[in-house]
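Everything on this sheet refers to the single structure shown next.
The values are calculated or read from the model by the stated rules, or taken from the named source; none is laboratory data. Being a predicted model, the structure only gives us computed values, none of them experimental. Using ideal geometry, Cβ is built from the backbone for each residue, glycine included, and neighbour counts are taken over all protein chains shown.
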Protein chains: 2
Amino acid sequence: MTTAINGATRLYAIIGDPIAQVRSPQLYTELFASAGMNAVMVPMHVLPDRFDETVPALQAIGNLDGLVITVPYKARAVRFAAKLGKTAARIGALNALRRESDGTWSGEMFDGAGFVRAAERKGATLRDRSVALFGAGGAGSAIGCELAAAGVRSLAIIDPQRERAAVLARVLGEAFPACTVKPADGVPNDVDMIVNASTVGMRDDDGLPGDIGSLPRGTLIGDAVISERPTALIRHAMRHDCTFVAGRDMLSGQADALLSFLSRA
Amino acid sequence: MTTAINGATRLYAIIGDPIAQVRSPQLYTELFASAGMNAVMVPMHVLPDRFDETVPALQAIGNLDGLVITVPYKARAVRFAAKLGKTAARIGALNALRRESDGTWSGEMFDGAGFVRAAERKGATLRDRSVALFGAGGAGSAIGCELAAAGVRSLAIIDPQRERAAVLARVLGEAFPACTVKPADGVPNDVDMIVNASTVGMRDDDGLPGDIGSLPRGTLIGDAVISERPTALIRHAMRHDCTFVAGRDMLSGQADALLSFLSRA
C-alpha cells in the first residue's frame, strides 16, 4: 500500500520491542487512506528502559492521535490511559490508546475480539470448546477473556510464570462463572482447541509452545504470533488438517473495531 | 508522492510549531524512496513547553534516525547534539540532527547553504551585494553566515530584539572580517538585496517584514518563509520584476546536502 505524507498528516504509531515484524503500519495506513483520512501509522522501536518516558512524550505530540501497543508493553501501557474500556479494565492490558476530544487518553484491548472474529470468519464454533491457552500476558489475557465471553466450556492456562496464570484464571473465573478456568502445567488430554498467546514462535527457529502431541480431527488451533512464515504451531495444525487462526488473521479480525476506536469514528 | 510503510521502515521527523505548513515530509519521503531507502519523514507538532522532553524521547526510538528542526526550535535544539557541524557551532542553531553509528547525535544547519544554492540556481550573483536581513533567529543566522561566506559586501541585520541582532553582527563580523556586519533599525538606502528570515509572512494576512519601499531593478529578494502562496515580500518582488528566492527554493536548495547528512550517505 502506498500513501502520501505532508505537513498536515495525522500520526498513529505502533510501539513494540522488537518492531520490524509488525504488520499494523501497512494495514492501518491502507485503512486510513480508504477512509479518506490524511493519516499514517508508523512503527516505533522502544526499548524497555525508555518506555515510561517515551509514551507521555508521544502523547504530547499535537498531531499524534493514537498508539497501538504490542509485545512486551500491553500491560505496562495501562498506566497511560486515564480511562479504560471494559476488556482492558478487566485484564489490565491494552493494545490501543487514543486521544479523546477533551485531550485525555483512553485505552482498550482488541486482541481477543480480533481472535474471536477471525475464528468466526473461518467458520469455527467456539461455544463449548475445551481450550488450552499458552501465555497469560497481555494477548493471552485478552484472548482468554473473549473466549470465555464467547462461551467456551473450559480454559486451561499454561504459563512459565505460574502465578500469572493463577491470577488470570481467578479473574476470568469470577467474571465468567459458566466457564471452568484453571492454571495448568501442560495441555490437558481432553481439549479440542489450543491457542498460543506466548512469545514462542516470534523467532524463526522457535518450536512449539509446549508438548502438544498429535491433533485429533476437529481441534481448533490459534496462534497470536504475527510472522512472515507460518509458526511451528500453525505448521503442526496444517499437517493434521486442523482449522487454524494465525496471528495475521487475528490482526485482520480486529481491524474494523480498532480502526473505529483510533479514528473515533 | 506516495510511499509504503511497514514494520522495518526507518523514521525521520520534522518538529515545529506550527507544523501543517511544512513541505519536508513529502520532499524527503520522496528523496528517500528515490535513494532506495525504506524510510519516511513525518511531521510532529511539538508545543514549546514539551520540546525539551520530547526530543530525547524521540532520540531514544530505535528506528528513528534523524530529526529536522523548524521554527521556533532551531536554537533550542542545539543542546541535543553531542557534536555540531561548522555552521551550527558558529551560529548556535541547527535544522538537522542525526544518529551517528556510535549512537550519539550530531547536528548541523543547512538553511543558509540552501539559500545560497537556490540563489545560484536562479543565476543570481551574491558577491559584493549589500544586504538587509530581517530576522536574527536560527534561519537568519544561518543565511547571514552563508551570505558572508559567499562574499557579500555588507549585512544590515534588522530584528525587533536588537540585542539578538547585535550579537549576530558581532559573531559574523569576527568570522568574516571582509564583510561589514551591523545591526540596523531599518533597511539602509543603498542595499541591492533584501532577505526576510523573520516569521513575518507565515500567516496569510501578514504584510511585508518592514518598510521596504519600491525596489530598484536588480535588487535580489529572498524570503525564508515556506508558504503555499507567495508571501507579501515575494509578491512585492514580482511586481518590481526582481529576481527572488522563496522559502520553497531554499528548501529545495538544501535537499541534497540535508539528505546526505540524514542518511549518512
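Taking into account only those residues within the range B:207-228 that are charged (D, E, K, R) and modelled with pLDDT under 95, which is farthest from B:R23 (Cα to Cα)? Steps first, please.
We begin by selecting, within the range B:207-228, every residue charged (D, E, K, R); these are B:211, B:217, B:223, B:228.
Add one more test, that the residue is modelled with pLDDT under 95, and what stays is B:211, B:217, B:228.
Working: B:D211: 29, B:R217: 31, B:E228: 9 Å.
Per the stated criteria, the residue is B:R217.
Just so you know, in the range B:90-103 the residues that are touching a residue at least 60 places away in the same chain (Cβ under 8 Å) and small (G, A, S) include one that is farthest from B:P177 (Cα to Cα), and it is B:S101. Selection of the range B:58-68 for residues being among the hydrophobic types (A, V, I, L, M, F, W, C) and facing another protein chain (nearest Cβ under 10 Å) yields B:L58, B:A60, B:I61, B:L64.
In the range B:235-254, the residue that is nearest to B:L67 (Cα to Cα) out of those that are in a helix (DSSP H, G or I) and in contact (Cβ under 8 Å) with a residue 24 or more places away in the chain is B:L251. Does B:D192 count as acidic (D, E), touching a helix residue (DSSP H, G or I) at 6+ places or on another chain (Cβ under 6 Å) and either surrounded by 15 or more Cβ atoms within 10 Å (Cβ to Cβ) or assigned by TED's automatic domain parsing to the domain that holds B:P160 (or both)? No: the conditions fail for B:D192. For B:I15, the criteria (1) among the aliphatic types (A, V, I, L, M); (2) more than 10 Å from chain A (Cβ to nearest Cβ); (3) more than 30 Å from A:S227 (Cα to Cα) hold in every case but one, which is (2). Taking the range B:18-41 as the range and being in a loop (DSSP other than H, G, I, E, B) and more than 8 Å from every other protein chain (Cβ to nearest Cβ) as the test, the residues that pass are B:P18, B:A35, B:G36, B:M37, B:N38. Which ones in the range B:146-160 are farther than 12 Å from B:T180 by Cα and in contact with a Leu (Cβ under 6 Å, 6 or more places away or on another chain)? Residue satisfying the conditions is B:A150 alone.
If you scan the range A:147-163, which residues turn out to be in a helix (DSSP H, G or I) and touching a Ser or Thr at 6+ places or on another chain (Cβ under 9 Å)? Hit for the range A:147-163 is A:A149, nothing else.
The residues listed here are B:L233, B:L259; of these, the one that is at pLDDT 95 or above and in contact with a strand residue (DSSP E or B) (Cβ under 9 Å, 6 or more places away or on another chain) is B:L233.
Test A:V200 against the criterion of being crowded, with 19+ Cβ neighbours inside 10 Å, part of a loop (DSSP other than H, G, I, E, B) and in contact with a helix residue (DSSP H, G or I) (Cβ under 6 Å, 6 or more places away or on another chain), and give yes or no.
Details: crowded, with 19+ Cβ neighbours inside 10 Å: yes; part of a loop (DSSP other than H, G, I, E, B): yes; in contact with a helix residue (DSSP H, G or I) (Cβ under 6 Å, 6 or more places away or on another chain): no.
When the stated conditions are applied, A:V200 does not pass them.
Within the range B:3-12, the set of residues being farther than 24 Å from B:V225 by Cα and either surrounded by fewer than 19 Cβ atoms within 10 Å (Cβ to Cβ) or more than 8 Å from every other protein chain (Cβ to nearest Cβ) (or both) comprises B:A4, B:N6, B:A8, B:R10. Taken together, A:G144, A:G140 contain a single residue that is in contact with a Phe, Trp or Tyr (Cβ under 8 Å, 6 or more places away or on another chain) and not in a loop (DSSP other than H, G, I, E, B), which is A:G140. Taking every residue in the range A:194-215 that is within 22 Å of A:R153 (Cβ to Cβ) and pairing it with any residue that is assigned to a loop (DSSP other than H, G, I, E, B) and of a type in the set (F, W, Y), at least 6 positions away or on another chain, yields no pair with a Cβ-Cβ distance below 8 Å. B:G135 meets the conditions (1) more than 21 Å from B:L258 (Cα to Cα); (2) over 12 Å from the mean Cα position of the chain (by Cα) in every case but one. The failed one is (2). Selection of the range B:70-88 for residues being without any contact (Cβ under 8 Å) to a residue 24 or more places away in the chain and touching a Gly at 6+ places or on another chain (Cβ under 9 Å) yields only B:A88. I'm checking my understanding of the structure. Among residues of the range B:42-57 that are in contact (Cβ under 8 Å) with a residue 12 or more places away in the chain and more than 7 Å from chain A (Cβ to nearest Cβ), which one is nearest to A:D49 (Cα to Cα)? Applying the filter and picking the extreme gives B:P56. Among the residues of the range A:45-103, those identified as of a type in the set (A, V, I, L, M), part of a loop (DSSP other than H, G, I, E, B) and buried (at least 19 other Cβ atoms within 10 Å of the Cβ) are A:V46, A:I61, A:V71, A:A81, A:A93, A:L94.
The residue list A:A265, A:A166, A:A178, A:A257 contains one member that is surrounded by fewer than 19 Cβ atoms within 10 Å (Cβ to Cβ), part of a helix (DSSP H, G or I), over 14 Å from the mean Cα position of the chain (by Cα) and of a type in the set (A, V, I, L, M), which is A:A166.
Return yes when B:T199 is among the polar types (S, T, N, Q) and out of contact with any Lys or Arg (no Cβ under 8 Å at 6 or more places or on another chain) and no when it is not.
Here the answer is yes, as B:T199 does meet what is asked.
Somewhere in the range B:63-71, is a residue farther than 30 Å from B:N6 by Cβ, of a type in the set (G, A, S) and under 19 Å from the mean Cα position of the chain (by Cα)? No: zero hits.
Restricting B:A148, B:A132 to residues that are under 13 Å from B:D192 (Cβ atoms) and assigned by TED's automatic domain parsing to the domain that holds B:G201 narrows the list to B:A132.
Restricting attention to the range B:104-123, the residues that are buried (at least 16 other Cβ atoms within 10 Å of the Cβ) and touching a residue at least 60 places away in the same chain (Cβ under 8 Å) add up to 10. Take B:P18 and decide whether it is more than 15 Å from B:L262 (Cβ to Cβ), surrounded by fewer than 21 Cβ atoms within 10 Å (Cβ to Cβ) and within 23 Å of the chain's Cα centre (by Cα). Against the criterion (more than 15 Å from B:L262 (Cβ to Cβ), surrounded by fewer than 21 Cβ atoms within 10 Å (Cβ to Cβ) and within 23 Å of the chain's Cα centre (by Cα)), B:P18 qualifies.
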